[in-house]
1. Just want the ordering: Asp209, Asp158, from fewest to most Cβ atoms lying within 10 Å of their own Cβ.
2. Over the C-alpha atoms of segment 190-336, what are the Rg and the largest Cα-to-Cα span, Dmax, in Å?
3. Identify, among Ala305, Phe75, Cys57, the residue whose Cα sits farthest towards the positive end of the charge dipole of the chain, taking +1 on the Cβ of Lys and Arg and -1 on the Cβ of Asp and Glu, with the dipole about the Cα centre.
4. What's the FRET efficiency of Met211 with His115 using the Cβ-Cβ distance as r and R₀ = 56 Å, to the nearest 0.05?
5. Multiplying the sequence separation of Ser322 and Phe162 by 0.36 nm and subtracting their Cα-Cα distance, what value in nm do you get?
6. Putting +1 on Lys and Arg Cβ atoms and -1 on Asp and Glu Cβ atoms, find which of Phe162, Tyr37, Gly182 reaches farthest to the positive end of the dipole of the chain.
7. Determine the shape class of segment 271-315: with a ≥ b ≥ c the square roots of the Cα gyration tensor eigenvalues, call it rounded for a/c under 1.5, and otherwise prolate if a/b is greater than b/c, oblate otherwise.
8. What is the distance in Å between the Cα centres of segment 4-32 and segment 273-325?
Amino acid sequence: MKMLVTGGCGFIGANFIKAHLNNFASDTIVNLDALTYAGNPDNLADVAHDPRYTFVCGDIANSALVESLFAEQIFDAVVNFAAESHVDRSIETPQLFLKTNVMGTQSLLHAALNHGVKKFVHISTDEVYGSLGPEGKFTETTPLSPRSPYSASKAAADHLAFAYFNTYHLPVCVTRCSNNYGPYQFPEKLLPLMIANALAGKELPVYGDGMHRREWIYVGDHCRAIELVLENGRPGEIYNIGIDNEIPNLEVIRKLLVLLDRPESLIRHVKDRPGHDRRYAIDASKIARELGWKPFVQFDDGLAATVRWYLDNRSWWEKIISGEYRQYYARMYGNR
Ligand code: NAD
Ligand code: TYD
């Protein structure tokens, strides 16, 4: 299979590309990534010289570029990870989220349709469902009720994906996963930010009362679910992905502090995020039933392995925090 992966220099995309090349010896991957602040080719250093892997620096919202990429080579499948992914940034610059997440997705869907792609997996998020009360879980039929510019842009992209399925019969599947954690997560997201701050003896900024609940899935378990959807997911279907382990943010941070042997006095409650979703919980029974997926990594084990990774790979995130890698990539690829 020849696959186009977008956003492969980000957290989940990089984990996915490495696992796929490892598991499918005869497949080839083209990675289209704009190298925004979140894209880091270092994440794929292991495969950079693999003849089955090609990197293309470019924007998914540049429809001329996307169309020319599809015209040059035949892709059997597309997996679309590329997105602006951080809720706090979406509150500052919503327009960028619309451009990439909505217009970018449409440009990919259109080129995939023009060139007869056999499977298009669009990576969405549980955040499109909005915020839960104390009871219940998101199923694939829960009405969409996004509350941040990020989740609204992801919901719009999901609607476009189904529009291309219903109107043009493009074989699209949409996955909606809970919060991921693991190696190569950019240090603005909760877990890597807290690890970096704790190691530096800095305060850990907890939004509001810290009792917002998330389900935390190890990135490798998410990537295996995407593989199953790619292989056997039914076109036009949504697959929720989650691990049934919802936990309040404060408890996650306390577990991290124990693993890092740092004091709870570092915790600092700060002003809450506007529109902060209170609770997410996923019913993932459909992907288990239809595709046989189940998670392998329990949270406590995955968290310990992730802390170990950040301790063993300090130069990876210290370079990002210092801004050194932005200067390097600006020289290599221009300012983005
Ligand atoms: P990330 O921010 O780490 O990576 C995003 C990647 O997309 C970066 O490499 C960036 O350079 C690239 N990109 C951004 N704009 C682009 C554009 N216009 N053209 C081409 N490339 C562009 O994100 P992530 O955490 O790896 O998330 C990947 C996908 O998974 C996103 O679609 C996100 O909505 C979804 N998702 C993430 C989580 C999570 O917990 N991280 C959970 C569920 C779903
Ligand atoms: P985040 O990693 O941004 O993921 P999302 O908002 O997509 O769920 O945040 C996870 C949770 O942690 C969310 O409830 C917001 C909270 N949070 C903090 O309390 N402090 C922080 O500094 C960050 C980045 C997040």
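Each value in this text was obtained by applying a stated rule to the coordinates, not by laboratory testing. Everything numeric here is computed off the predicted structure, so don't read it as measured data. Don't worry about glycine lacking a Cβ; one is built from the backbone with ideal geometry, like all the others, and counts go over all protein chains shown.
1. Details: Asp209 11, Asp158 22.
In order of increasing Cβ crowding within 10 Å: Asp209, Asp158.
2. 18.2, 50
3. Ranked along the dipole, the leading option is Cys57.
4. On the way: r = 48 Å, r/R0 = 0.86.
After rounding to 0.05, the efficiency reads 0.70.
5. Details: separation 160, 0.36 × 160 = 57.60 nm, distance 4.12 nm.
The Ser322-Phe162 span can extend by a further 53.5 nm.
6. Tyr37
7. Details: a/c = 3.23, a/b = 1.15, b/c = 2.82.
Judged from the Cα gyration tensor, segment 271-315 comes out oblate (a/c at least 1.5, b/c at or above a/b).
8. Here the two parts' Cα centres lie 18 Å apart.
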